[in-house]
Amino acid sequence: MSLELTAPAPDAPDVADDGVWLADIETGETYAPFDEIRYTGEDGNLLEVRYADPPTFEDFRGQGRGVWRYRAALPFDEGVSLPEGDTPLHEAPRLRESIGVETLRVKHEGMNPTGSFKDRGMTVGVRVARELGVDRLACASTGNTSAALAAYGARGGMETLVLLPSGKVAAGKIAQAALHDARILEVDGNFDACLDIVQDLARRGEVYLLNSLNPFRLEGQKTIGLEILEEFRDDYGRFPDRIVLPVGNAGNTSALYKAFRELVQSGALDPSEVPKLTGVQAEGAAPMVEAVEHGWADTERWEEVETRATAIRIGNPVNAPKALPGIRETGGTAVSVSDDAITEAQRDLAKEGIGVEPASAASVAGLKKLRDRGVVDADEDVVCLTTGHLLKDPDAAFEAGGDPEPVANDTQAVLEHIGAK
Ligand code: F0G
C-alpha cells in the first residue's frame, strides 16, 4: 500500500518537474504536475503530490514565517499570499484540567486571513492555477472554502465561482464570498450535490477546481501539522501524542498524515513519534466514523446529513481513501459527537478566550468523549485543532451565548439593572 507510514521516499519518475510529480494513490501511475489539468487518476482515484527530496526540520529553519516558510515541503517557493499560517497554539488550562490530560493546546486556525485553515490550501492552489494559466476558479463549499477562494482569487486577479448548499451556509462566510466578488450560486441540495456539479464543470473545462480533491490544496494544509510539531517540540522538547481534529471531507486528516509521512521519509521524524490522528464528526454526518469502526478502506456516502456545525455537514468525504490509512497507521481513531456537545465545547473554548465556530468545537467535544471512554489516557499530550473563527457563524454564537439586556438611557437605571450597591 502506497500510503504506509514507513514507505520509503519514491524515486523521481521521468515525468517529474524539478523533483515534483503527481501519483495515483491506488495504482502508483505518475503524471507531470503542470503540463495538463488533472485532479484524479484514470479510474477517478485520488492523486497526491510527490517529491524526490522530502523535507527535514532543518530545511525550515530561518525561512521566515507562515505557510511559505515550509517551501521545502511545497511545490513552489512562493504563492499568492495574504499572508497565511503562523496561527496560535493556545494553552487552555481550565479545559485541560476539566478534560484531564497531561497537556492540551489549541491550534486556532480561525486566525488565518479569511478566518479558517482553507487559506493555507488556497495560497498554494491559486499559485498552481496561475502556473496552469486558468482564469476561472471554482469550488463547492459549506462556506469557508468559498470565502478563502473568493479572497485568494481576488488577490490573484482571477474570476471565482462558488456553489453553496442553499440555506445551510453561515452568514459570515457568504458575506466574505460576496464582498470579495465571487459569483455565488445557491444550489437546492447539500454540499455533496454541489461538489458533484462543480466536478462536472471542471471535467468540461469550464472551471479550475479548488476543492480539496485538488491535491495541491492539501500541500498547503500540511503546514498545520508542521507548525504544530515545531512549536510543540520547542515548548516541551517532545512531539504531541495526539492531534484531534474536526472532519468533513477529511482533507486536513489527509494533509497532516502526508506531512508526517514525508518527515518520516526524510528521517526527520521517527514513526513512533507521529501523533495519533483522531477525527471528530457530528452525529448527523459521520461516514468517516462509520468507516473507521468497520475497518473499511473508503466511506459509504450518507445521502441525508444534518448538524448545527454546518461546515462539516458532509456525507461523502472525498479524501477518505487518503485519510483512513492516516488514522489507522498512526494508531488514531474517529468519534462522533452530538450537536449539544459541540455547543457546550464552543462555550468552554469561549471561556478560555478562544472564539470558534461550531465545527471547530467538535474537536474538543470529541476529545472529552474519548477521554471519558478511556480511549485517551490521562498522561497524553494533546493538540486540538479549531478550524474556523467565531465570527464565521454569528447566529450559532448568539444561540450559544448570552442575550443582550435592554436598559434605559440613564446611569441610575443601569446601576440598578446590574445590581450595584
Ligand atoms: N472545520 C471547518 C470550519 C470547515 O470549514 C471544514 C470544511 C472542516 C472543518 C472539515 O475539514 O474537509 O478537511 O475534513 N469545510 C469545507 C468548506 C467543506 O467548504 O468550507 P476537512
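Each reported figure results from applying straightforward, stated rules to the coordinates on display, with no laboratory input. Predicted model, so just to flag it, every value in this text is computed and none were measured. Cβ atoms come from the backbone with ideal geometry, glycine included; neighbour counts cover every protein chain shown.
I need the calculated FRET efficiency for the pair Asp181 and Ile37, taking r as the beta carbon distance and R₀ as 35 Å, to the nearest 0.05.
In this case the efficiency is close to 0.90.
Quickly work out the Asp53-to-Arg204 label distance, labels modelled 7 Å from Cα along the C-beta direction, and quote it in nm with one decimal.
It is 4.3 nm.
So what is the calculated 222 nm ellipticity per residue for the chain, using -39500 (n - 2.57) for each DSSP H run with n of 4 or more, over all residues, to the nearest 500 deg cm²/dmol?
Computed ellipticity for the chain at 222 nm equals -11500 deg cm²/dmol.
Mind putting a number on the dipole of the chain about its Cα centre? Charges go on the C-beta only, +1 for Lys and Arg and -1 for Asp and Glu, and I need it in Debye to the nearest 20.
660
For Glu159, enumerate residues with amide H under 5 Å from its amide H, sequence gap 5+ or separate chain, H modeled in the peptide plane.
Under 5 Å from the amide H of Glu159 lie the amide H atoms of Leu137, each far enough along the sequence or on another chain.
Stretched out fully, how many nm does the piece from Asp410 to Arg61 gain, at 0.36 nm a residue minus the Cα gap?
Between Asp410 and Arg61, full extension yields an extra 119.8 nm.
From the alpha carbon gyration tensor of segment 99-180, can you work out the equivalent ellipsoid semi-axes (sqrt of 5 times each eigenvalue) and give them in Å, largest to smallest?
Calculated on Cα positions only, the semi-axes equal 27, 17, 10 Å.
Report the Cα-based extents of segment 31-112 along its three principal axes, largest first, to the nearest Å.
If we take the Cα atoms of segment 31-112, the spans are 52, 36, 26 Å.
Report, in degrees rounded to the nearest 10, the 0 to 90 angle that the Cα long axis of helix 215-236 makes with the longest principal axis of the chain.
For 215-236 against the chain, the angle is about 60 degrees.
Could you derive backbone 3J(HN,Hα) for segment 402-415 from the dihedral phi with the Karplus parameters 6.51, -1.76 and 1.60 (θ = phi - 60°), listing whole Hz in sequence and x where the residue is Gly or Pro?
Once rounded to whole Hz, the list reads x, 8, x, 10, x, 9, 6, 7, 6, 4, 4, 5, 5, 4.
Equivalent ellipsoid semi-axes for the chain, as square roots of 5 times the alpha carbon gyration tensor eigenvalues: give them largest first, rounded to whole Å.
34, 26, 21
Could you tell me the relative contact order of segment 143-293? Use alpha-carbon pairs under 8 Å, at least six residues apart, and round to a whole percent.
17
Can you give me the long-range amide H partners of Val356? Hydrogens built in the peptide plane at 1.01 Å from N, cutoff under 5 Å, separation of 5 or more residues or another chain.
Leu390
Relative contact order for segment 48-197: what is it in percent, counting Cα pairs under 8 Å that are at least 6 residues apart?
Value for segment 48-197: 17 percent.
With only alpha-carbon atoms counted, please give the Rg and Dmax of segment 295-421, in Å.
For segment 295-421, the Cα radius of gyration and maximum Cα-Cα distance read 19.6, 67 Å.
Could you rank the peptides 344-356, 16-28, 86-98 by their average count of other C-beta atoms within 10 Å per residue, with the highest value first? Can you show the working numbers first?
Values: 344-356: 19.5, 16-28: 17.5, 86-98: 15.8.
With the highest mean Cβ count within 10 Å placed first, the list reads 344-356, 16-28, 86-98.
Pairs of alpha-carbon atoms within less than 8 angstrom and 6+ residues apart define the contacts here; what relative contact order does the chain have, in percent?
Worked out over the chain, it gives 18 percent.
Using the number of other C-beta atoms within 10 angstrom as an exposure proxy, rank Val375, Val318 with the fewest first.
Ranking Val375, Val318 by Cβ neighbours within 10 Å, fewest first, gives Val375, Val318.
Given H placed 1.01 Å from N in the peptide plane, which residues other than close sequence neighbours of Lys168 have an amide H under 5 Å from its amide H?
Counting only residues 5 or more places away or on other chains, the set is empty.
How large is the dipole of segment 97-159 about the Cα centre if only Lys and Arg carry +1 and Asp and Glu carry -1, each at its Cβ, rounded to the nearest 20 debye?
Using only the charged Cβ atoms, the result is roughly 180 debye.
Over 10 Å intervals from 0, what percent of Cα-Cα pairs in segment 197-305 sits in each interval?
13, 35, 33, 15, 3, 0
HN-Hα J couplings of segment 111-128 from phi, Karplus 6.51/-1.76/1.60, θ = phi - 60°, integer Hz, Gly and Pro as x?
8, 6, x, 9, x, 7, 5, 4, 4, 5, x, 6, 4, 7, x, 6, 4, 5
For segment 79-215, what log10 I(q)/I(0) values come out of the Debye formula at q = 0.20 1/Å, with one point per alpha carbon and no solvent?
Cα-only, vacuum Debye calculation for segment 79-215: -1.07.
Compare the peptides 160-169, 40-49, 194-203 by average per-residue count of other Cβ atoms within 10 angstrom and give them in order, highest first.
160-169, 194-203, 40-49
With springs only between Cα atoms under 10 Å, which of Glu293, Glu84, Glu36 fluctuates most in a Gaussian network model of the chain?
Of Glu293, Glu84, Glu36, the most mobile in the Gaussian network model is Glu36.
What residue among Gly85, Gly237, Gly315 shows peak mean-square fluctuation when the chain is described by a Gaussian network model with Cα springs under 10 Å?
Gly237
Can you return the lysines within cross-link range of Lys351? Criterion is Cα-Cα under 22 Å, with same-chain partners fewer than 8 residues away left out.
Counting by Cα, and skipping residues close in sequence, Lys351 has these lysines nearby: Lys107, Lys368, Lys369, Lys392.
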